[in-house]
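Asker: Before I ask anything, here is the structure I am working with.
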Amino acid sequence: MMYSNHHPKEQDYWCEQVEVETSDGQTTSQETYLLRVYPEAFNGCDAYMDIPKTQEKPEFKKVHASRLGITWEVIDDPSESPINGIFRGDYTMNNPPAWIFGLRKLQ
């Protein structure tokens, strides 16, 4: 999935603690680099999340942000953010690699 541009009313939450449900039904806590929430569908999703890159590609089914009271389904396999990032701040070597997830809000 490729994300482009910015929504004028997007909201960014840095280092947000979220709960994720994995493909095997387990629930675990995950800290994000960035959770970006859109007021309406944008770039094919309702929110975007990136997390620290791991050796194994994460298999998440759902993401829940307790503080925001929102649950999303993961709509695609995660893609790898290059070191310069896509939505990640100053685009320097200080931006570590990340997994990017597109999210769709569950009603």
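Coordinate-derived values only; no laboratory data. Fair warning: this is a prediction, and the values are worked out from it, not measured in the lab. Glycine gets a Cβ as well: all are built from the backbone with ideal geometry, and neighbour counts include every protein chain shown.
Asker: Treat every Asp and Glu Cβ in segment 11-105 as -1 and every Lys and Arg Cβ as +1, leave all other atoms uncharged, and give the resulting dipole magnitude about the Cα centre to the nearest 20 debye.
Answerer: Roughly 140 debye for segment 11-105.
Asker: What is the set of long-range amide H partners of ASP46 at a cut-off below 5 Å, with H atoms built 1.01 Å from backbone N?
Answerer: LEU103, ARG104, LYS105
Asker: Here's something else I'd like to know. Within 10 Å of each residue's Cβ, count the other Cβ atoms and sort THR27, THR32 from fewest upward.
Answerer: THR27, THR32
Asker: Can you give the direction-averaged projected area of the convex hull of the alpha-carbon atoms in segment 11-105, in nm²?
Answerer: Mean projected area for segment 11-105: 5.8 nm², to one decimal.
Asker: Can I ask one more? Using a Förster radius of 25 Å, what is the FRET efficiency between THR54 and TRP14 based on their Cβ-Cβ separation? Nearest 0.05, please.
Answerer: 0.80
Asker: Turning to a different aspect of this structure: Grab the beta carbon distance between THR22 and LEU68, set R0 = 25 Å, and tell me the FRET efficiency rounded to 0.05.
Answerer: The computed FRET efficiency comes out at 0.75.
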